[in-house]
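See structure below.
The values are calculated or read from the model by the stated rules, or taken from the named source; none is laboratory data. Since the structure is predicted, the reported quantities are computational estimates derived from the model, not experimental observations. Please note: Cβ atoms are built from the backbone with ideal geometry, for glycine as well, and neighbour counts cover all protein chains shown.
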Amino acid sequence: MPVATPPTGTGGSEARPTPTAQPTLAAAFDDLDQFRAALRPEFAGDVDLFLSATRYNIEVTLRFNPDGSATLTGRERIRYANQQAFALDDIYLMLWPNGGAQYLSRMKLGRVTVAGSEVQPVMESDDLAARLPLPAPLAPDESVDLSAEFTVEAFPGVDANGVARFGLTNGILLAPTFYPLIPRIVDGEWQTMPAPPGGDTTNSDTALYVWRVTAPSDLVIVATGTVVASEQSGDTQTQTLVTGPMRDLALVVGPLQLTQRTVDGIALNAYVLEQNAVFAEKMLDYAEGQVKTLEAGVGPYPFAELDLVDTPGPAGIEYPGEVFIGIGDGSDFFEVATVHEVGHQWFYSLIGDDQLMEPWLDEAAATYTEVLYSENIHGPRAARGMLDFFWDALSFTDQPDLPIGRPVADYADYGTIVYLKGALFFDALRREMGDETFFAFLHNYYDAYRYGFATSKDFQAVAEQTCACDLGALFDLWVYNGGTVTKP
Ligand SMILES: [Zn+2]
(Lines give C-alpha, C1' and ligand atoms only; values in the text may rest on other atoms or scores of the structure.)
Protein backbone atom coordinates (compact mmCIF):
# COMPACT_ATOMS: atom_id res chain seq x y z
CA MET A 1 0.00 0.00 0.00
CA PRO A 2 1.52 3.35 -0.95
CA VAL A 3 1.66 5.83 1.88
CA ALA A 4 1.44 9.53 1.21
CA THR A 5 4.45 11.55 2.31
CA PRO A 6 3.45 14.92 3.69
CA PRO A 7 5.40 17.64 1.89
CA THR A 8 7.97 19.25 4.18
CA GLY A 9 7.11 22.53 5.75
CA THR A 10 3.38 22.17 5.30
CA GLY A 11 2.48 20.01 8.27
CA GLY A 12 1.26 21.34 11.57
CA SER A 13 -1.82 23.35 12.05
CA GLU A 14 -1.54 26.72 10.35
CA ALA A 15 -4.58 28.89 10.70
CA ARG A 16 -6.73 29.41 7.63
CA PRO A 17 -6.12 32.65 5.74
CA THR A 18 -8.12 35.45 7.27
CA PRO A 19 -11.49 35.52 5.48
CA THR A 20 -11.50 39.32 5.58
CA ALA A 21 -8.67 39.28 3.04
CA GLN A 22 -11.08 37.84 0.46
CA PRO A 23 -14.26 39.18 -1.09
CA THR A 24 -17.23 37.86 0.82
CA LEU A 25 -18.76 34.64 -0.41
CA ALA A 26 -22.10 36.36 -0.84
CA ALA A 27 -20.89 38.74 -3.52
CA ALA A 28 -19.09 36.35 -5.72
CA PHE A 29 -21.65 34.48 -7.81
CA ASP A 30 -24.00 37.27 -8.82
CA ASP A 31 -21.91 38.33 -11.79
CA LEU A 32 -22.95 36.00 -14.61
CA ASP A 33 -20.29 37.34 -16.97
CA GLN A 34 -17.42 35.97 -14.90
CA PHE A 35 -18.36 32.39 -15.86
CA ARG A 36 -17.79 33.07 -19.56
CA ALA A 37 -14.02 32.88 -19.00
CA ALA A 38 -14.35 29.11 -18.59
CA LEU A 39 -15.78 28.67 -22.08
CA ARG A 40 -14.23 28.96 -25.51
CA PRO A 41 -15.20 32.41 -26.87
CA GLU A 42 -17.65 30.96 -29.40
CA PHE A 43 -19.54 29.19 -26.60
CA ALA A 44 -19.42 31.97 -23.98
CA GLY A 45 -23.12 32.63 -24.64
CA ASP A 46 -23.98 29.19 -23.21
CA VAL A 47 -23.83 30.82 -19.77
CA ASP A 48 -27.04 32.67 -20.60
CA LEU A 49 -28.88 29.33 -20.69
CA PHE A 50 -28.17 29.01 -16.97
CA LEU A 51 -29.58 32.21 -15.50
CA SER A 52 -31.64 30.21 -13.03
CA ALA A 53 -29.31 27.24 -12.59
CA THR A 54 -27.83 26.48 -9.20
CA ARG A 55 -24.74 28.55 -8.39
CA TYR A 56 -22.03 27.53 -5.99
CA ASN A 57 -19.39 29.68 -4.36
CA ILE A 58 -16.83 27.59 -2.49
CA GLU A 59 -13.69 28.38 -0.53
CA VAL A 60 -11.50 25.52 0.60
CA THR A 61 -8.11 25.30 2.30
CA LEU A 62 -5.97 22.16 2.13
CA ARG A 63 -3.51 21.15 4.81
CA PHE A 64 -1.30 18.05 4.80
CA ASN A 65 -0.93 16.57 8.27
CA PRO A 66 2.18 15.00 9.85
CA ASP A 67 0.40 11.63 10.16
CA GLY A 68 0.02 11.36 6.38
CA SER A 69 -3.61 12.44 6.22
CA ALA A 70 -4.90 15.71 4.78
CA THR A 71 -7.62 18.11 5.87
CA LEU A 72 -9.87 20.24 3.69
CA THR A 73 -11.58 23.08 5.53
CA GLY A 74 -14.21 24.90 3.54
CA ARG A 75 -17.39 26.85 3.31
CA GLU A 76 -19.84 27.23 0.50
CA ARG A 77 -22.79 29.32 -0.45
CA ILE A 78 -25.37 27.94 -2.85
CA ARG A 79 -28.22 29.65 -4.64
CA TYR A 80 -30.72 26.96 -5.49
CA ALA A 81 -33.69 27.55 -7.75
CA ASN A 82 -36.63 25.16 -7.61
CA GLN A 83 -37.02 23.97 -11.20
CA GLN A 84 -39.70 21.43 -10.32
CA ALA A 85 -43.39 21.99 -10.96
CA PHE A 86 -44.13 21.54 -7.24
CA ALA A 87 -43.04 23.25 -4.02
CA LEU A 88 -40.14 21.81 -2.03
CA ASP A 89 -40.24 21.34 1.75
CA ASP A 90 -36.59 20.46 2.08
CA ILE A 91 -33.30 20.40 0.21
CA TYR A 92 -30.64 17.75 0.40
CA LEU A 93 -26.87 18.03 0.43
CA MET A 94 -24.83 14.97 -0.54
CA LEU A 95 -21.63 14.49 1.47
CA TRP A 96 -19.82 12.25 -1.01
CA PRO A 97 -16.61 12.01 1.08
CA ASN A 98 -18.82 9.81 3.34
CA GLY A 99 -19.74 7.65 0.34
CA GLY A 100 -18.37 4.27 1.46
CA ALA A 101 -15.39 2.24 0.26
CA GLN A 102 -14.62 4.47 -2.72
CA TYR A 103 -13.94 7.38 -0.36
CA LEU A 104 -10.99 7.18 2.03
CA SER A 105 -12.37 10.21 3.79
CA ARG A 106 -14.82 11.55 6.35
CA MET A 107 -16.81 14.74 6.01
CA LYS A 108 -18.47 16.78 8.74
CA LEU A 109 -20.78 19.73 8.39
CA GLY A 110 -20.33 22.83 10.51
CA ARG A 111 -22.79 25.69 10.59
CA VAL A 112 -25.52 25.40 7.96
CA THR A 113 -27.94 28.18 7.08
CA VAL A 114 -31.03 28.41 4.91
CA ALA A 115 -32.19 31.88 3.86
CA GLY A 116 -29.84 33.38 6.43
CA SER A 117 -31.04 31.35 9.43
CA GLU A 118 -29.14 28.49 11.00
CA VAL A 119 -30.72 25.06 10.54
CA GLN A 120 -29.98 21.64 11.99
CA PRO A 121 -29.35 19.17 9.17
CA VAL A 122 -30.97 15.75 9.50
CA MET A 123 -28.30 13.20 8.64
CA GLU A 124 -29.31 10.11 6.65
CA SER A 125 -27.68 7.07 4.98
CA ASP A 126 -24.65 6.92 7.31
CA ASP A 127 -24.03 10.65 6.92
CA LEU A 128 -24.02 10.49 3.12
CA ALA A 129 -27.06 12.75 2.86
CA ALA A 130 -28.05 15.80 4.91
CA ARG A 131 -31.67 16.94 4.76
CA LEU A 132 -32.20 20.65 5.31
CA PRO A 133 -35.76 21.52 6.30
CA LEU A 134 -36.91 24.74 4.65
CA PRO A 135 -38.54 27.42 6.84
CA ALA A 136 -41.27 27.80 4.21
CA PRO A 137 -42.06 25.75 1.09
CA LEU A 138 -39.97 26.81 -1.92
CA ALA A 139 -42.38 27.47 -4.78
CA PRO A 140 -41.55 26.60 -8.39
CA ASP A 141 -39.06 29.07 -9.91
CA GLU A 142 -38.25 30.55 -6.50
CA SER A 143 -34.66 30.58 -5.22
CA VAL A 144 -33.18 30.15 -1.80
CA ASP A 145 -29.65 30.78 -0.52
CA LEU A 146 -27.94 28.11 1.56
CA SER A 147 -24.57 28.10 3.24
CA ALA A 148 -22.53 25.34 4.82
CA GLU A 149 -19.22 25.02 6.57
CA PHE A 150 -17.48 21.69 6.16
CA THR A 151 -14.32 19.76 6.91
CA VAL A 152 -13.03 16.66 5.15
CA GLU A 153 -10.34 14.34 6.49
CA ALA A 154 -8.66 12.39 3.67
CA PHE A 155 -6.52 9.31 4.25
CA PRO A 156 -3.79 7.48 2.34
CA GLY A 157 -4.39 4.13 0.70
CA VAL A 158 -5.53 4.88 -2.86
CA ASP A 159 -3.90 2.17 -4.97
CA ALA A 160 -4.31 0.10 -8.09
CA ASN A 161 -5.71 -2.90 -6.18
CA GLY A 162 -8.38 -0.97 -4.35
CA VAL A 163 -11.58 0.80 -5.28
CA ALA A 164 -10.86 4.22 -3.80
CA ARG A 165 -11.37 7.34 -5.86
CA PHE A 166 -10.89 9.82 -2.97
CA GLY A 167 -7.82 9.88 -0.71
CA LEU A 168 -4.04 10.13 -0.89
CA THR A 169 -1.43 8.38 -2.99
CA ASN A 170 2.19 9.26 -3.78
CA GLY A 171 1.83 12.60 -2.00
CA ILE A 172 -1.19 13.49 -4.16
CA LEU A 173 -4.63 14.32 -2.76
CA LEU A 174 -7.48 13.11 -4.97
CA ALA A 175 -10.63 14.97 -3.94
CA PRO A 176 -13.57 14.70 -6.34
CA THR A 177 -16.84 16.27 -5.07
CA PHE A 178 -15.15 17.30 -1.82
CA TYR A 179 -17.96 19.76 -1.00
CA PRO A 180 -21.66 19.31 -0.13
CA LEU A 181 -23.40 18.78 -3.49
CA ILE A 182 -27.11 19.13 -4.20
CA PRO A 183 -28.42 15.90 -5.75
CA ARG A 184 -31.05 15.60 -8.47
CA ILE A 185 -34.77 15.23 -8.08
CA VAL A 186 -35.92 12.20 -10.07
CA ASP A 187 -39.62 11.39 -10.46
CA GLY A 188 -40.45 13.84 -7.71
CA GLU A 189 -38.00 12.43 -5.15
CA TRP A 190 -34.56 13.59 -4.05
CA GLN A 191 -32.03 11.03 -5.29
CA THR A 192 -29.95 10.36 -2.16
CA MET A 193 -29.17 6.66 -2.49
CA PRO A 194 -25.68 5.34 -1.77
CA ALA A 195 -23.65 4.29 -4.80
CA PRO A 196 -23.30 0.54 -5.34
CA PRO A 197 -19.77 -0.90 -5.57
CA GLY A 198 -18.17 -0.89 -8.99
CA GLY A 199 -19.90 2.06 -10.56
CA ASP A 200 -19.78 5.81 -10.47
CA THR A 201 -21.31 7.64 -7.56
CA THR A 202 -22.74 11.08 -8.18
CA ASN A 203 -25.63 12.47 -10.20
CA SER A 204 -26.14 16.20 -10.24
CA ASP A 205 -27.60 18.91 -12.42
CA THR A 206 -25.49 21.38 -14.33
CA ALA A 207 -24.54 24.41 -12.22
CA LEU A 208 -22.17 27.38 -12.29
CA TYR A 209 -19.25 27.46 -9.90
CA VAL A 210 -16.87 30.13 -8.68
CA TRP A 211 -14.42 28.71 -6.21
CA ARG A 212 -11.17 29.34 -4.43
CA VAL A 213 -8.54 26.82 -3.33
CA THR A 214 -5.71 27.48 -0.89
CA ALA A 215 -2.95 24.86 -0.76
CA PRO A 216 0.77 24.54 -0.04
CA SER A 217 2.70 26.63 -2.54
CA ASP A 218 5.23 23.87 -3.32
CA LEU A 219 2.49 21.68 -4.84
CA VAL A 220 0.42 21.99 -8.00
CA ILE A 221 -3.35 22.54 -7.89
CA VAL A 222 -5.43 20.78 -10.56
CA ALA A 223 -9.00 21.99 -10.38
CA THR A 224 -12.12 21.94 -12.55
CA GLY A 225 -12.59 25.19 -14.45
CA THR A 226 -10.40 28.09 -15.44
CA VAL A 227 -8.11 30.02 -13.10
CA VAL A 228 -9.03 33.72 -13.05
CA ALA A 229 -6.75 34.84 -10.21
CA SER A 230 -3.85 33.41 -8.26
CA GLU A 231 -1.75 34.70 -5.42
CA GLN A 232 1.05 33.54 -3.12
CA SER A 233 1.19 34.26 0.58
CA GLY A 234 4.03 32.77 2.61
CA ASP A 235 4.05 29.04 2.04
CA THR A 236 0.53 28.90 0.61
CA GLN A 237 -0.99 29.71 -2.75
CA THR A 238 -4.59 30.58 -3.57
CA GLN A 239 -6.31 30.09 -6.91
CA THR A 240 -9.72 31.43 -7.88
CA LEU A 241 -11.56 29.51 -10.57
CA VAL A 242 -14.77 29.75 -12.51
CA THR A 243 -16.55 27.04 -14.47
CA GLY A 244 -18.91 26.98 -17.36
CA PRO A 245 -22.07 24.90 -16.93
CA MET A 246 -20.68 21.91 -14.97
CA ARG A 247 -22.19 19.09 -12.95
CA ASP A 248 -19.55 18.92 -10.22
CA LEU A 249 -15.95 19.72 -9.34
CA ALA A 250 -12.82 17.69 -8.82
CA LEU A 251 -9.69 18.82 -6.99
CA VAL A 252 -6.23 17.24 -7.10
CA VAL A 253 -3.18 18.67 -5.34
CA GLY A 254 0.26 17.12 -5.53
CA PRO A 255 3.84 17.16 -6.78
CA LEU A 256 2.80 17.26 -10.45
CA GLN A 257 4.31 18.79 -13.57
CA LEU A 258 2.25 20.55 -16.22
CA THR A 259 2.64 20.03 -19.97
CA GLN A 260 0.16 22.01 -22.04
CA ARG A 261 -1.10 21.85 -25.61
CA THR A 262 -3.81 23.89 -27.32
CA VAL A 263 -6.20 22.02 -29.62
CA ASP A 264 -9.10 23.80 -31.35
CA GLY A 265 -8.83 26.61 -28.81
CA ILE A 266 -8.99 24.14 -25.89
CA ALA A 267 -6.11 24.07 -23.40
CA LEU A 268 -5.28 20.41 -22.80
CA ASN A 269 -3.31 20.20 -19.56
CA ALA A 270 -1.39 17.03 -18.70
CA TYR A 271 -0.30 16.92 -15.04
CA VAL A 272 2.07 14.03 -14.32
CA LEU A 273 4.43 12.92 -11.58
CA GLU A 274 8.10 13.59 -12.24
CA GLN A 275 8.83 9.89 -12.81
CA ASN A 276 6.13 9.84 -15.53
CA ALA A 277 7.31 12.99 -17.33
CA VAL A 278 8.15 10.88 -20.37
CA PHE A 279 4.43 10.06 -20.80
CA ALA A 280 3.04 13.60 -20.77
CA GLU A 281 3.25 14.14 -24.53
CA LYS A 282 1.64 10.74 -25.17
CA MET A 283 -1.19 11.62 -22.81
CA LEU A 284 -1.73 14.81 -24.81
CA ASP A 285 -1.54 12.91 -28.12
CA TYR A 286 -4.29 10.54 -26.96
CA ALA A 287 -6.43 13.39 -25.63
CA GLU A 288 -5.97 15.45 -28.78
CA GLY A 289 -6.91 12.49 -30.98
CA GLN A 290 -10.05 11.86 -28.94
CA VAL A 291 -11.10 15.53 -28.74
CA LYS A 292 -10.82 15.83 -32.52
CA THR A 293 -12.63 12.52 -33.05
CA LEU A 294 -15.57 13.51 -30.86
CA GLU A 295 -15.81 17.14 -31.94
CA ALA A 296 -16.28 15.79 -35.47
CA GLY A 297 -18.41 12.79 -34.54
CA VAL A 298 -20.62 14.12 -31.74
CA GLY A 299 -20.33 17.87 -31.14
CA PRO A 300 -18.05 20.62 -29.84
CA TYR A 301 -16.24 20.63 -26.50
CA PRO A 302 -17.34 24.06 -25.28
CA PHE A 303 -14.98 24.57 -22.35
CA ALA A 304 -11.67 26.43 -22.50
CA GLU A 305 -9.77 23.74 -20.64
CA LEU A 306 -9.51 20.01 -20.07
CA ASP A 307 -7.23 18.68 -17.33
CA LEU A 308 -5.70 15.19 -17.43
CA VAL A 309 -4.04 14.17 -14.20
CA ASP A 310 -1.75 11.27 -13.41
CA THR A 311 -3.34 9.45 -10.47
CA PRO A 312 -1.54 6.27 -9.43
CA GLY A 313 -4.35 3.97 -8.37
CA PRO A 314 -7.52 4.24 -10.41
CA ALA A 315 -6.98 3.21 -14.05
CA GLY A 316 -9.20 6.09 -15.03
CA ILE A 317 -12.13 8.06 -13.65
CA GLU A 318 -13.97 10.90 -15.29
CA TYR A 319 -15.03 14.16 -13.75
CA PRO A 320 -16.34 17.20 -15.57
CA GLY A 321 -13.39 19.07 -17.04
CA GLU A 322 -10.86 16.85 -15.29
CA VAL A 323 -9.98 13.19 -15.76
CA PHE A 324 -7.91 10.92 -13.53
CA ILE A 325 -5.57 8.62 -15.46
CA GLY A 326 -3.47 5.87 -13.93
CA ILE A 327 -0.47 5.96 -16.27
CA GLY A 328 0.96 2.84 -14.64
CA ASP A 329 3.77 1.45 -16.77
CA GLY A 330 2.55 3.35 -19.83
CA SER A 331 1.24 0.17 -21.48
CA ASP A 332 -1.63 -0.03 -24.00
CA PHE A 333 -4.18 0.45 -21.28
CA PHE A 334 -2.88 3.99 -20.69
CA GLU A 335 -4.07 4.94 -24.17
CA VAL A 336 -7.44 3.20 -23.76
CA ALA A 337 -8.00 4.74 -20.32
CA THR A 338 -7.17 8.24 -21.53
CA VAL A 339 -9.39 7.94 -24.58
CA HIS A 340 -12.26 6.45 -22.55
CA GLU A 341 -12.20 9.13 -19.84
CA VAL A 342 -11.93 11.95 -22.36
CA GLY A 343 -14.93 10.35 -24.08
CA HIS A 344 -16.90 10.86 -20.87
CA GLN A 345 -16.59 14.62 -21.34
CA TRP A 346 -19.26 14.13 -23.99
CA PHE A 347 -21.08 11.26 -22.30
CA TYR A 348 -21.95 12.20 -18.74
CA SER A 349 -20.28 15.62 -18.40
CA LEU A 350 -22.03 17.27 -21.36
CA ILE A 351 -24.85 14.81 -22.08
CA GLY A 352 -25.89 13.78 -18.59
CA ASP A 353 -27.46 10.49 -17.56
CA ASP A 354 -28.21 8.62 -14.37
CA GLN A 355 -24.85 7.00 -13.56
CA LEU A 356 -26.44 4.64 -11.04
CA MET A 357 -29.70 3.63 -12.73
CA GLU A 358 -28.87 3.74 -16.48
CA PRO A 359 -25.07 3.67 -16.58
CA TRP A 360 -24.93 2.29 -20.13
CA LEU A 361 -25.78 5.76 -21.42
CA ASP A 362 -22.34 6.99 -20.43
CA GLU A 363 -20.26 3.80 -20.03
CA ALA A 364 -21.30 2.02 -23.23
CA ALA A 365 -20.99 5.34 -25.05
CA ALA A 366 -17.53 6.10 -23.64
CA THR A 367 -16.41 2.58 -24.55
CA TYR A 368 -17.75 3.04 -28.07
CA THR A 369 -15.83 6.32 -28.30
CA GLU A 370 -12.70 4.15 -27.90
CA VAL A 371 -13.77 2.46 -31.14
CA LEU A 372 -14.42 5.78 -32.89
CA TYR A 373 -11.00 7.04 -31.79
CA SER A 374 -9.34 3.85 -32.94
CA GLU A 375 -11.06 4.07 -36.33
CA ASN A 376 -10.00 7.71 -36.72
CA ILE A 377 -6.44 7.46 -35.40
CA HIS A 378 -5.38 3.86 -36.05
CA GLY A 379 -7.69 2.92 -38.93
CA PRO A 380 -10.76 0.72 -39.54
CA ARG A 381 -8.85 -2.53 -39.08
CA ALA A 382 -7.84 -1.54 -35.54
CA ALA A 383 -11.42 -0.55 -34.75
CA ARG A 384 -12.72 -3.90 -36.00
CA GLY A 385 -10.12 -5.60 -33.82
CA MET A 386 -11.53 -3.86 -30.77
CA LEU A 387 -15.07 -4.97 -31.59
CA ASP A 388 -13.82 -8.55 -32.10
CA PHE A 389 -12.22 -8.38 -28.68
CA PHE A 390 -15.52 -7.22 -27.14
CA TRP A 391 -17.39 -10.12 -28.82
CA ASP A 392 -14.82 -12.55 -27.46
CA ALA A 393 -15.20 -11.13 -23.96
CA LEU A 394 -18.98 -11.44 -24.20
CA SER A 395 -18.65 -15.11 -25.15
CA PHE A 396 -16.75 -15.76 -21.90
CA THR A 397 -19.16 -14.11 -19.49
CA ASP A 398 -21.77 -16.14 -17.58
CA GLN A 399 -24.88 -14.22 -18.62
CA PRO A 400 -24.24 -12.80 -22.08
CA ASP A 401 -28.00 -12.42 -22.73
CA LEU A 402 -28.49 -9.74 -20.07
CA PRO A 403 -29.68 -6.37 -21.38
CA ILE A 404 -27.34 -3.42 -21.03
CA GLY A 405 -29.95 -1.03 -19.62
CA ARG A 406 -30.15 -2.03 -15.96
CA PRO A 407 -28.83 -0.29 -12.82
CA VAL A 408 -25.21 -0.83 -11.74
CA ALA A 409 -26.29 -2.93 -8.75
CA ASP A 410 -28.01 -5.53 -10.99
CA TYR A 411 -24.85 -6.84 -12.62
CA ALA A 412 -22.36 -9.47 -11.51
CA ASP A 413 -20.16 -8.72 -14.55
CA TYR A 414 -20.87 -5.02 -14.93
CA GLY A 415 -17.81 -4.31 -17.09
CA THR A 416 -18.50 -6.93 -19.74
CA ILE A 417 -22.22 -6.26 -20.11
CA VAL A 418 -22.50 -2.51 -19.69
CA TYR A 419 -19.17 -1.42 -21.21
CA LEU A 420 -18.35 -4.04 -23.82
CA LYS A 421 -21.76 -5.39 -24.84
CA GLY A 422 -22.92 -1.78 -24.54
CA ALA A 423 -20.32 -0.68 -27.09
CA LEU A 424 -21.43 -3.56 -29.34
CA PHE A 425 -24.96 -2.14 -29.14
CA PHE A 426 -23.67 1.17 -30.50
CA ASP A 427 -22.08 -0.78 -33.34
CA ALA A 428 -25.36 -2.64 -33.96
CA LEU A 429 -27.22 0.67 -34.00
CA ARG A 430 -24.72 2.09 -36.48
CA ARG A 431 -25.14 -0.94 -38.77
CA GLU A 432 -28.93 -0.62 -38.55
CA MET A 433 -28.94 3.11 -39.31
CA GLY A 434 -26.02 3.38 -41.70
CA ASP A 435 -23.03 5.65 -41.08
CA GLU A 436 -24.53 8.92 -42.23
CA THR A 437 -27.70 8.58 -40.15
CA PHE A 438 -25.80 7.25 -37.13
CA PHE A 439 -23.52 10.29 -36.94
CA ALA A 440 -26.47 12.61 -37.60
CA PHE A 441 -28.13 10.91 -34.62
CA LEU A 442 -25.10 11.47 -32.36
CA HIS A 443 -25.12 15.16 -33.28
CA ASN A 444 -28.88 15.42 -32.71
CA TYR A 445 -28.56 13.68 -29.35
CA TYR A 446 -25.78 16.09 -28.35
CA ASP A 447 -27.83 19.10 -29.46
CA ALA A 448 -30.91 17.94 -27.57
CA TYR A 449 -29.25 16.96 -24.28
CA ARG A 450 -26.03 18.95 -23.97
CA TYR A 451 -25.87 20.17 -20.31
CA GLY A 452 -29.08 18.21 -19.66
CA PHE A 453 -30.04 14.68 -18.69
CA ALA A 454 -31.11 11.90 -21.04
CA THR A 455 -32.81 8.59 -20.31
CA SER A 456 -32.72 5.42 -22.39
CA LYS A 457 -36.13 6.39 -23.80
CA ASP A 458 -34.81 9.85 -24.72
CA PHE A 459 -31.84 8.27 -26.49
CA GLN A 460 -34.16 5.92 -28.39
CA ALA A 461 -36.53 8.75 -29.31
CA VAL A 462 -33.76 10.88 -30.83
CA ALA A 463 -32.43 7.85 -32.71
CA GLU A 464 -35.88 7.03 -34.12
CA GLN A 465 -36.55 10.66 -35.06
CA THR A 466 -33.21 10.80 -36.87
CA CYS A 467 -33.67 7.59 -38.85
CA ALA A 468 -37.45 7.98 -39.20
CA CYS A 469 -37.63 4.29 -38.36
CA ASP A 470 -38.81 1.98 -35.60
CA LEU A 471 -35.92 0.73 -33.48
CA GLY A 472 -38.13 -0.87 -30.85
CA ALA A 473 -37.05 -4.44 -31.51
CA LEU A 474 -33.35 -3.52 -31.48
CA PHE A 475 -33.69 -1.62 -28.18
CA ASP A 476 -35.77 -4.42 -26.62
CA LEU A 477 -33.13 -7.00 -27.52
CA TRP A 478 -30.08 -5.04 -26.39
CA VAL A 479 -31.19 -2.44 -23.86
CA TYR A 480 -34.42 -3.37 -22.10
CA ASN A 481 -35.15 -7.10 -22.23
CA GLY A 482 -32.01 -8.88 -23.37
CA GLY A 483 -31.67 -11.99 -25.46
CA THR A 484 -29.14 -13.69 -27.65
CA VAL A 485 -27.14 -11.32 -29.82
CA THR A 486 -24.90 -12.60 -32.57
CA LYS A 487 -21.75 -11.26 -34.10
CA PRO A 488 -22.44 -9.75 -37.54
ZN1 LIG B 1 -16.25 5.04 -18.00
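Taking into account only those residues within segment 361-391 that are closer than 24 Å to residue 406 by Cα and of a type in the set (Val, Ile, Thr), which is nearest to the ligand (Cβ to nearest atom)? Of everything passing the filter in segment 361-391, 367 is nearest to the ligand (Cβ to nearest atom).
Among the residues of segment 277-297, is any assigned to a strand (DSSP E or B), surrounded by fewer than 22 Cβ atoms within 10 Å (Cβ to Cβ) and either within 16 Å of the ligand (Cβ to nearest atom) or not small (Gly, Ala, Ser) (or both)?
As a first pass, look at segment 277-297 and keep what is assigned to a strand (DSSP E or B): none.
Checked against the condition, which is being assigned to a strand (DSSP E or B), surrounded by fewer than 22 Cβ atoms within 10 Å (Cβ to Cβ) and either within 16 Å of the ligand (Cβ to nearest atom) or not small (Gly, Ala, Ser) (or both), segment 277-297 yields no hits at all.
The number of residues in segment 217-253 that are buried (at least 24 other Cβ atoms within 10 Å of the Cβ), of a type outside the set (A, V, I, L, M, F, W, C) and in a strand (DSSP E or B) comes to 0.
Scanning segment 85-102 for residues that are loosely packed, with under 13 Cβ neighbours inside 10 Å and more than 27 Å from the chain's Cα centre (by Cα), we see that the one that is farthest from residue 114 (Cα to Cα) is 85.
Tell me, please, whether a residue that is more than 30 Å from residue 481 (Cα to Cα), among the aromatic types (Phe, Trp, Tyr) and within 14 Å of the ligand (Cβ to nearest atom) can be found in segment 331-348. Checking segment 331-348: at least one residue is more than 30 Å from residue 481 (Cα to Cα), among the aromatic types (Phe, Trp, Tyr) and within 14 Å of the ligand (Cβ to nearest atom).
Right, residue 226: within 30 Å of residue 125 (Cα to Cα) and at pLDDT 95 or above or not? Can you show your working first?
Values: within 30 Å of residue 125 (Cα to Cα): no; at pLDDT 95 or above: yes.
When the stated conditions are applied, residue 226 does not pass them.
Filter segment 254-263 for residues that are among the β-branched types (Val, Ile, Thr) and surrounded by fewer than 14 Cβ atoms within 10 Å (Cβ to Cβ) and give the result.
262
Between 305, 358, the distinction of being crowded, with 21+ Cβ neighbours inside 10 Å and either within 11 Å of the ligand (Cβ to nearest atom) or over 23 Å from residue 444 (Cβ atoms) (or both) belongs to 305 only. Of the numbered criteria (1) closer than 28 Å to residue 273 by Cβ; (2) not assigned by TED's automatic domain parsing to the domain that holds residue 438, the one residue 353 fails is (1). Looking at 351, 404, just one residue is more than 18 Å from residue 475 (Cα to Cα) and in contact (Cβ under 8 Å) with a residue 24 or more places away in the chain, and that residue is 351.
Looking only at residues in segment 327-355 that are over 26 Å from residue 453 (Cα atoms) and of a type in the set (Phe, Trp, Tyr), the one that is surrounded by the most Cβ atoms within 10 Å (Cβ to Cβ) is 334.
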